Amino acid sequence: MKINHKFQLAIWLLLAPFIIFSAELEFTASVDRTTVGLGETFTLNVSVSGENISGVPSPKLPDLPDFNILGRSSSQSTNISFINGRMSQKTTITFVYTLSPKKIGKFTIGSCKIDYQGKTYETQEIEIEVVKSATQKPSSPATPPPSGGSLEDGVMVIAVPSRREVYQGEQINVSFYLYTRYEIENVNLTKMPNFSGFWCETIYETNRLSYHRKVYEGKTYYVALIKTIALFPITSGTLVIDPMEITLTVIRPPRDFFDFFGTAQTLSIASKSISINVLPLPQENRPEDFCGGVGNFTISARLDRDTSLQGEPVNLIVKIGGRGNLRLIEKPKLPAIPNTRILEPEIKDNIQVSNDVIKGSREFRFPIIPQVDGEHIIPEIRVAYFNPKMKNYELIKTEKLHFVAAGTVRAPAVSETGGLKVLGTDICYIKPDSKNLSVEKMVPPRYLSLIYLVSFFIIGFSFFYQRHQKRLLLDRAYARKIRSGSVMRRNLKEVENYLKKNDAKNFYSALGRTIISYLGDRFNIDASALTREQLKEEISRANIPEETIRDLMDVLYNCEVIAYAPADTSGKNLLEFYKRARDLINRI
Amino acid sequence: MIIFLLLIFTSDSLTILYNEGNKFYAQGDYLSAIASYEQALKFGINKNLYYNLGNAYFKSNRIGKAIIYFYRARLLSPRDRDTNYNLKFARNYRADKDITIQNPFFIAISNLFHYFSYRESWILGTIVFLIFSVFFALFIIYRTKYTIIISIFLFIIFFYFLITYLVWSSEINRKLAVVVVPEVKAYSGPGEEYKEILIIHDGAEARILEERNGYYLIQLPGGIGGWIKTENVEPVF
């Protein structure tokens with residue numbers, strides 16, 4: 001037993017690090033590539049995962065003096081798994097930063113930090129090697145601009161916002177145009193504006209500059225669209241869009257015969273800052289169900305299945321679709337669904353651009369775990385959003401949904417609520433003491449088989465009885481034969497009476513009648529109407545010995561003779577004759 | 001003197017030894033409890049005695065013996081929850097587990113025909129058949145609708161008891177045996193000189209197919225089997 005305990009302890013020690021690990025956060029950082037060309041972009045993914053991390057803050061990025069941060073976004077996913085009937089939930093939030101290097105060389109991205117529940121987590125440092133861009137052609141050494149005219153006047157970047165005044169959360173598009181009067185090449189985006197205070201989504205990004213002619217401030221320029229970005233202000237007030245910086249090489253036309261190819265010069269240009277006036281959303285009439293959406297939306301909800309077996313979660317998918325700041329929409333407040341547990345939703349975005357408008361949908365996937373069997377009804381879900389065109393709040397809602405749960409897992413519910421804990425199982429305890437323990441038998445009592453004999457006898461008897469009753473009804477001869485005995489016995493009693501009175505005349509006459517009626521019943525003939533000779537013929541057909549018939553005829557003869565011809569006979573003779581007659585009847 | 005008296009009143013001595021075993025069991029002295037219970041068994045059998053003996057064997061880590069006694073207790077009182085639970089518990093506790101997953105429909109049917117014990121099904125079946133024969137006789141004579149309906153109903157009940165009885169008899173006649181030693185080797189023939197083919201552990205259930213030279217040819221649920229010494233296994237019934 002001691003060895004067993006030690007062995008168990010060893011297992012616990014082995015498992016301990018994993019158990020502690022799983023209870024905390026996992027915090028990692030990674031880049032999509034470690035070698036980057038100058039002017040190219042790469043992404044830094046910082047992900048936080050763990051159980052129930054809904055309140056986790058954004059990570060603090062290290063100082064990145066050698067990189068431009070071009071954009072940031074985040075995504076969230078939830079992974080629920082059931083192992084041995086226990087549910088484990090893991091949520092991962094990934095913060096994605098788009099970076100571009102400023103110069104060539106080897107740089108280090110320092111560790112990102114996050115403070116969560118009093119603990120500080122750090123990621124490992126990542127090394128990035130910045131090389132010359134593969135797409136970048138070697139540029140000729142920079143030469144000072146010729147004294148003739150200002151190059152900057154001939155080349156410029158202009159940022160054009162679609163509107164100057166928007167509501168918080170309303171979309172504005174900012175387009176960056178390149179204006180040039182010269183032939184240019186090697187256009188590189190070196191600095192994207194920070195767009196702080198906005199959620200931005202790229203609508204258009206050029207691969208190849210396509211120019212058209214345009215007159216601007218009295219001069220003819222070739223204009224190309226570099227980039228269009230949709231911006232959704234997160235805060236209200238005056239927000240400033242920083243300049244965009246570009247490096248490019250200008251090729252000036254040859255000024256004289258010797259300057260055959262002209263001169264090439266690399267220079268850096270920037271757009272002007274733009275300020276946007278962001279109006280706050282109206283405070284009055286703001287509904288409680290406001291989810292942060294600004295635009296024009298619709299809502300729909302569905303369940304991925306109608307039935308839940310053994311406590312499987314049913315996913316409630318709430319989809320908010322339409323135009324607007326989809327990524328800023330918060331999860332809708334679900335109404336209370338009794339006897340269920342609702343977990344944190346997994347969020348899935350599907351964003352498209354059409355006609356410079358951000359469209360798409362945001363899906364919230366709520367796993368719902370039923371706690372009791374039966375039908376569960378999900379009431380309508382209400383969400384309000386702000387419509388900037390109408391300048392008011394609008395309410396949208398889903399239909400009622402329902403599902404049926406069966407065989408819900410009870411064990412986890414018990415272990416989670418209250419202090420009840422299952423420590424182990426054992427066999428049931430012994431039966432109590434007894435005052436008088438009876439001796440039992442394993443083998444059934446075989447003598448009960450006799451009851452089967454009785455039963456079959458009862459059924460067999462019923463068959464015979466039924467047959468008899470049927471013949472009595474249908475077969476007259478049978479009925480007479482069966483009744484003959486009792487009739488005869490009744491008649492014989494009369495005869496015996498005469499015998500006792502010693503009345504010879506009546507005795508013989510009654511005895512004769514009795515015998516004839518009995519014979520009639522037995523053989524189903526009308527005996528009283530027949531002569532003795534005829535009677536003899538009838539009886540001889542039956543299987544009766546000759547001698548008996550002869551005897552019978554003799555008795556009948558005597559009865560007839562003595563009944564009608566009175567003679568002197570003694571009582572002793574009567575008794576003897578009676579016995580002889582009875583004996584004869586019994587023999588038939 | 002006391003023992004002499006005990007021998008005279010068998011039922012009393014059964015009770016006294018049973019209660020004595022319970023006392024030992026409560027103290028945790030399972031070996032003494034087993035001895036008392038085994039002694040009590042010489043005076044007669046009882047479902048509680050079988051059950052407690054199974055418990056005592058289980059507590060002293062003899063799973064095979066425990067399973068045998070739980071099976072026997074179940075034959076006498078198939079509706080007892082504790083007995084069924086402990087039988088299941090002990091069977092799950094074994095080293096060699098049954099891998100077969102049983103169909104819930106099959107389990108429900110099996111439970112239906114194990115509701116009444118071997119003895120009960122025989123006695124009740126007989127009585128029901130007697131009542132049936134009376135009603136059937138009445139039907140034959142009087143030909144009324146009610147008598148035939150009651151007869152058919154009674155015959156169905158009788159048929160249920162008949163099946164229950166047959167299920168129990170087939171279980172008894174199956175010659176189920178349980179390994180009662182911690183570990184036993186099975187050979188390819190009746191003798192140690194044959195090739196060793198299996199190692200079977202305490203509590204494994206097998207059917208006895210044949211007996212020869214002090215060896216049983218046993219077959220495990222999966223179909224495999226071998227020859228093992230008779231003292232290592234014990235038939236349940």
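Worth pointing out:
- Number of residues in segment A:209-241 that are within 30 Å of A:Gly293 (Cα to Cα), part of a strand (DSSP E or B) and β-branched (Val, Ile, Thr) equals 6.
- Failed condition for A:Met390, given (1) modelled with pLDDT under 85; (2) under 27 Å from A:Asn339 (Cα atoms): (2)
- One residue from B:Ala108, B:Ala90, B:Ala137 being on the phi < 0 side of the Ramachandran plot and more than 9 Å from chain A (Cβ to nearest Cβ): B:Ala108
- Residues considered: A:Phe21, A:Phe7. Of these, the only one that is closer than 21 Å to A:Cys112 by Cα and either surrounded by fewer than 16 Cβ atoms within 10 Å (Cβ to Cβ) or modelled with pLDDT under 75 (or both) is A:Phe21.
- Some residue of segment A:150-159 being at pLDDT below 75 and out of contact with any strand residue (DSSP E or B) (no Cβ under 7 Å at 6 or more places or on another chain): yes
- Considering residues of segment A:335-359 that are among the hydrophobic types (A, V, I, L, M, F, W, C) and farther than 16 Å from A:Phe232 by Cα only, the residue surrounded by the fewest Cβ atoms within 10 Å (Cβ to Cβ): A:Ala336
- Applying the criterion of being surrounded by 19 or more Cβ atoms within 10 Å (Cβ to Cβ) and more than 34 Å from the chain's Cα centre (by Cα) to the residues of segment A:41-60, the residue that is farthest from A:Lys132 (Cα to Cα) is A:Pro59.
- When segment B:124-156 is filtered for residues that are among the β-branched types (Val, Ile, Thr), surrounded by fewer than 17 Cβ atoms within 10 Å (Cβ to Cβ) and assigned to a helix (DSSP H, G or I), the ones remaining, listed by number, are B:Ile127, B:Ile131, B:Ile141, B:Ile148, B:Ile149, B:Ile152, B:Ile156.
- Sole exception among (1) loosely packed, with under 15 Cβ neighbours inside 10 Å; (2) assigned to a strand (DSSP E or B) for B:Leu166, by number: (2)
- Applying the set (1) touching a residue at least 40 places away in the same chain (Cβ under 8 Å); (2) at the interface with chain A (Cβ under 9 Å from one of its Cβ atoms) to B:Tyr18 leaves exactly one unmet item: (1).
- Verdict on B:Arg79 being at pLDDT 90 or above and at the interface with chain A (Cβ under 10 Å from one of its Cβ atoms): no
- Odd one out for A:Asp426 among (1) more than 7 Å from chain B (Cβ to nearest Cβ); (2) in a helix (DSSP H, G or I); (3) under 60 Å from the mean Cα position of the chain (by Cα): (2)
- Here segment A:430-446 is the region considered, the condition is being under 19 Å from B:Leu124 (Cα atoms) and part of a loop (DSSP other than H, G, I, E, B), and the residue that is nearest to the other protein chains (Cβ to nearest Cβ) is A:Pro444.
- Check on B:Tyr160, over 21 Å from the mean Cα position of the chain (by Cα) and either surrounded by 15 or more Cβ atoms within 10 Å (Cβ to Cβ) or farther than 26 Å from A:Leu448 by Cβ (or both): no
- Every condition in (1) part of a helix (DSSP H, G or I); (2) more than 10 Å from chain A (Cβ to nearest Cβ); (3) farther than 30 Å from A:Tyr465 by Cα; (4) of a type in the set (A, V, I, L, M, F, W, C) holds for B:Val178 except the one numbered (1).
- Counting only residues that are closer than 22 Å to A:Glu170 by Cα and out of contact with any strand residue (DSSP E or B) (no Cβ under 7 Å at 6 or more places or on another chain), segment A:309-357 holds 2 of them.
- The residue of segment B:181-237 that is farthest from the chain's Cα centre (by Cα), among those that are of a type in the set (A, V, I, L, M) and outside any strand (DSSP E or B), is B:Ile224.
- Of all residues in segment B:22-73, exactly one satisfies the criterion of being more than 12 Å from chain A (Cβ to nearest Cβ), crowded, with 24+ Cβ neighbours inside 10 Å and of a type in the set (A, V, I, L, M, F, W, C), namely B:Ile68.
- Residue list for segment B:28-85, restricted to those being part of a helix (DSSP H, G or I), among the hydroxyl-bearing types (Ser, Thr, Tyr) and under 12 Å from the mean Cα position of the chain (by Cα): B:Tyr50, B:Tyr51, B:Tyr69, B:Tyr71, B:Thr83
- Residues that are within 26 Å of A:Arg213 (Cβ to Cβ) and either outside the structural domain of A:Lys227 (by TED's automatic domain parsing) or out of contact with any Asp or Glu (no Cβ under 9 Å at 6 or more places or on another chain) (or both) within segment A:162-174 comprise just one, A:Val174.
- Any hit, segment B:145-160, residues being touching a Gly at 6+ places or on another chain (Cβ under 8 Å) and over 26 Å from B:Ser117 (Cα atoms): no
The values are calculated or read from the model by the stated rules, or taken from the named source; none is laboratory data. Fair warning: this is a prediction, and the values are worked out from it, not measured in the lab. When we count neighbours, we look across all protein chains shown, and the Cβ atoms used for this are built from the backbone with ideal geometry, even at glycine.
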